[in-house]
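For reference, the structure discussed in these notes is given below.
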Amino acid sequence: MSAESQMNLQDRSESFVRALLDGTEDLEGPTRRHRLRSDALERLETLRVPGAKDEAWRFLRLRPMLDVEIGSTPTPSDDEVQQLVDAKAFDEADGRRLVFVNGAFSETFSSLEGFGDDVHAGRIAGPDEADLESIDGHLGSAADVFDEDYFAQINQAGFRDGGYVVVPPDTAVDGPVQLLNVVTGGDESFAVQPRALIVAGRGSKVSVVEDFVGADGSTYINNCLTEVCVEESATVDHVVVQGDSDRAYHMNRRAIDMDDGANYNSRTISYGATFSRFDVHSRGDGEEIDCTLDGLAILSDDQVSDTHSVMDHRQGHSGSHQLHKMIIDDESHAVFNGKIFVQQHAQKIDAYQLNRTLSLSRQAKVNTKPQLEIFADDVSCTHGATIGQLEPEQLFYLQARGLTEDQARELLIFGFAAEIVDTIPVASVRDRITETIQAQTRSLGA
Amino acid sequence: MLLEIENLHVEAEGTEILKGIDLKVDTGQIHAIMGPNGSGKSTLAKVISGHPDYEVTRGDILFEGESILEDEPDERAQDGIFMAFQYPVEVPGVTNSVLLRQAYNARQEARGEQPLDPLQFDDFVREKCKLVDMDPDFLDRNVNVGFSGGEKKRNEILQMAVLEPKLGLLDETDSGLDIDALRTVADGIKSLAGDDNAYVMVTHYQRVLEYIEPNHVHVMVGGRIAKSGDKDLAVTVEEKGYDWLADDIETTGAA
Ligand SMILES: Nc1ncnc2c1ncn2[C@@H]1O[C@H](COP(=O)(O)OP(=O)(O)O)[C@@H](O)[C@H]1O
Ligand SMILES: [Mg+2]
């Protein structure tokens, strides 16, 4: 790259940051957000937008995203929002639903009455912001793994609001919680920066579904960050669904902190956005933790999706599981890079990681790199990657039972996805995603 | 005539496997095809089903009087041809009940009949499970994944019982079954066999033919039918092996 275009890139990135931070300059006083913001602004002084030379970003072209002209964030009509909410809201979470529309908390569409007296849940930047003691010491704490991450720092410096769920010790939340991020807008492109904080206190249990949904045709950048603190012997089930607009850029950072005996169980399903990038960092700073980071990405046309994950085992007697599946069609491009660290004193670690790609088109691309970095000696770690096409013997078998070739393909593609989808713990979300994916796979491989 | 095979020559990867097969199967009949490993028995069954690996270079296959060589495997299945695979294929992520229902309803639709909804189908398929003595729990398992050899064979017969074909091709469905399972499977086949359908059983062993009496027995050697006869031929083959037939072929081949 020439010096001039490099300069241009930095220029672009500066105006990109300015645009994403626009309107947040008025943050005043000693609030948590203000502190996060000033720390992040300081870091951004020295951080550069990642380029082709950065190992973790070398398969992605960020330029198209940086070139998006970021205008003011639109305020959609209730009808427009209603449609998107209706499509994603699920019964089990009625009364435990936080809805954000274009990054702003929606009083109209949220319902919080089902949380009960002991669970703290709501919006981070409400009128009572200064009194939210329950999130003190948590907001921004897990995210320190992203101190050097350009996009995480832009979120830290500029998020306007977000949702939090703090579950006190020995409490089980009655049913699943939904964090629903709806984005929709007119002709102008814009940016949103959702933020979420999930804290499960000692011995508590909570299930969270984090939904990102956008109106197709809307162009926007969704630069989101989620923190999850799983304290001693607590259990968090987490489903993340990325169904952003077909013209959206989805930048997703997630930091998970795990204490002794913590269980974190996650499924990440990604099918929306023209471009998506997930960075998931799980810090296992306790013994006997159990972490699952399963995922499914379905890509067609010229979609690009990249998942970078880190499972950091810092203490022993723990396990982790990661099955990451990708279905690529047309000229799409999928990237997976999963690192498992086992630190020196972390003995008796059982870590499993497998990345499987189903390729339905010769033009589709995949880059995969499962990585183990083990500094302890008494561990059992397996990892691997497979890339395959539909099996002709399976196609013939189904056709011999009377299914047309298209039906057979559809069933096989869906079967590949089902291994992840079937493990989603909330029944109606599982059904909804099954339907979405069936609709997707119907058009794949044709 | 249900099935007529005329002078069928078949190649795979440039090698001729079937070298002129003639076979006629009518409704109400049960045929057995025996023969040593590699003689082309599975190839014959797969070619009738429309497997894409095989190329018919000469001859024809007629089903109910019409050539099916140009038909896709699913069209042949809709016509009423069913092959129980020698090596049933595992299909991860697809449950038995989903496959069975989709296959059944595809056939219903092809015949212009009403499809069954999941609840109706569940009642229907549970009855069929009894026929092959299969635990209905298997319906929720992924097709053939983690099944034992015997369970896979039984699953093939369950599919056949659901689809009720006109022509059932059973490729070594009896091998790998203990005597109890063999009886169950044989009883299942017998209960399906009737005046308006026919079965062709490919088998290594005469054992199964004690339970299901064939009207015709054919012995394949080297891609040809070396000898046809009644059920006594199966007994002869069990006693004498195949060598005497191989000689037969060579003499006729040289003549
Ligand atoms: N798809 C194929 N490609 C190449 N050769 C094949 C294929 N299928 C079968 N054959 C060959 O054809 C011959 C007959 O095989 P098969 O029909 O499976 O015999 P059988 O079922 O009687 O044991 C064998 O030599 C086998 O290797
Ligand atoms: Mg065979």
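Projecting the Cα atoms of A:G186, A:I374, A:L112 onto the charge dipole of chain A, computed from C-beta unit charges around the Cα centre, puts A:I374 farthest toward the positive end.
Using the Karplus relation 6.51 cos²θ - 1.76 cosθ + 1.60 with θ = phi - 60°, the per-residue 3J(HN,Hα) values for region B:222-238 come to x, x, 10, 7, 7, 7, 10, x, 9, 5, 5, 4, 4, 5, 4, 4, 4 Hz, with x marking Gly and Pro.
Once you've got the Cα coordinates, tell me which of A:K325/B:K130; A:K205/A:K365; B:K190/B:K227; B:K153/B:K231; B:K19/B:K130; A:K365/B:K46 are over 30 Å apart. Beyond 30 Å: A:K325/B:K130; A:K205/A:K365; B:K19/B:K130; A:K365/B:K46.
Calculated from the alpha-carbon coordinates, region B:85-192 shows an Rg and a Dmax of 13.3, 41 Å respectively. Ranking A:V85, A:Q10, A:V429 by Cα position along the charge dipole of chain A, where only Lys, Arg, Asp and Glu carry charges on their C-beta atoms, puts A:Q10 farthest toward the positive end.
The calculated 222 nm mean residue ellipticity attributable to helices in the protein assembly as shown amounts to -9000 deg cm²/dmol, summing -39500 (n - 2.57) over DSSP H runs of n ≥ 4 and dividing by all residues. What a 1.4 Å probe finds exposed on region A:396-446 is 43% carbon and sulfur by accessible area, rounded to a whole percent.
Taking Cβ atoms as reference points and 10 Å as the exclusive limit, the residues near A:E393 contribute a net charge of -3, counting Lys and Arg as +1 and Asp and Glu as -1. Taking other residues whose beta carbon is less than 9 angstrom from the beta carbon of B:T57, and scoring Lys, Arg as +1 and Asp, Glu as -1, yields -2. For region B:72-132, the square roots a ≥ b ≥ c of the C-alpha gyration tensor eigenvalues yield an a/c of 1.5 or more together with a/b not exceeding b/c, which makes the shape oblate.
For chain B, the Cβ-based charge dipole about the Cα centre amounts to some 380 debye (Lys, Arg positive; Asp, Glu negative; other atoms uncharged). In the elastic network of chain B, a GNM with C-alpha springs shorter than 10 Å, the most mobile of B:L177, B:L18, B:L169 is B:L177.
For chain B, modelled as a Gaussian network with Cα springs under 10 Å, which listed residue fluctuates most, B:G80, B:G50, B:G241? In this elastic network of chain B, the residue with the biggest mean-square fluctuation among B:G80, B:G50, B:G241 is B:G241.
For region A:146-163, the Karplus equation 6.51 cos²θ - 1.76 cosθ + 1.60, evaluated at θ = phi - 60°, returns couplings of 9, 4, 9, 8, 3, 6, 4, 5, 5, 5, 4, 7, x, 5, 8, 7, x, x Hz by residue, with Gly and Pro reported as x. Amide H contacts for A:V183 (H built 1.01 Å from N in the peptide plane; partners 5 or more residues away or on another chain; cut-off under 5 Å): A:N102, A:V213, A:G214, A:A215.
Near A:I340, the amide H atoms lying under 5 Å from its own belong to A:M311, A:Q371, A:L372, A:E373; only residues 5 or more places off or on other chains count, and H is placed 1.01 Å from N. Per-residue 3J(HN,Hα) values for region B:79-86, derived from phi via the Karplus relation 6.51 cos²θ - 1.76 cosθ + 1.60 with θ = phi - 60°, read 5, x, 9, 9, 10, 7, 5, 5 Hz in sequence order (x marks Gly and Pro). Please tell me the relative contact order of region A:396-446 in percent, rounded to the nearest whole number, where contacts are Cα pairs under 8 Å and at least six residues apart. Taking the mean separation of contacting Cα pairs over the length of region A:396-446, I get 39 percent. For the protein assembly as shown, the per residue solvent-accessible surface stands at 41 Å², with DNA, RNA and ligands left out and a 1.4 Å probe. Note on B:86-94: average number of Cβ atoms from other chains within 10 Å of each residue's Cβ is 6. Charging the Cβ of each Asp and Glu at -1 and of each Lys and Arg at +1, and nothing else, the dipole of the protein assembly as shown about its Cα centre rounds to 1000 debye.
If you take the square roots of the eigenvalues of the alpha-carbon gyration tensor of chain B and sort them as a ≥ b ≥ c, do you get rounded (a/c under 1.5), prolate (a/b over b/c) or oblate? It is prolate, given that a/c is not under 1.5 and a/b is the larger ratio. In terms of its C-alpha gyration tensor, chain A comes out rounded, because the ratio a/c of the largest to the smallest axis stays below 1.5.
Scanning chain B for GluC sites (Glu not before Pro) in DSSP loops with at most 10 neighbouring Cβ atoms within 10 Å leaves B:114-255 as the longest stretch between them. Under 5 Å between amide hydrogens, built in the peptide plane, is the criterion, and for A:S266 it picks out A:H238, A:T292, A:L293, A:D294 among residues at least 5 positions away or on other chains. Tally up the carbon and sulfur contribution to the accessible surface of chain B as a whole percent, 1.4 Å probe, everything protein left in place. Using a 1.4 Å probe with all protein chains present, chain B comes out at 44 percent carbon and sulfur. About its Cα centre, the dipole of region A:3-286 is roughly 940 debye, where the only charges are +1 on Lys and Arg Cβ and -1 on Asp and Glu Cβ.
The values are calculated or read from the model by the stated rules, or taken from the named source; none is laboratory data. Values in this document were obtained by computation on a predicted structure and should not be read as measured data. Every residue, glycine as well, gets a Cβ built from its backbone with ideal geometry; the counts of neighbours run over all protein chains shown. The accessibility values were calculated without ligands, DNA or RNA, using every heavy atom of the protein model including side chains. Shrake-Rupley method; radii C 1.70, N 1.55, O 1.52, S 1.80 Å.
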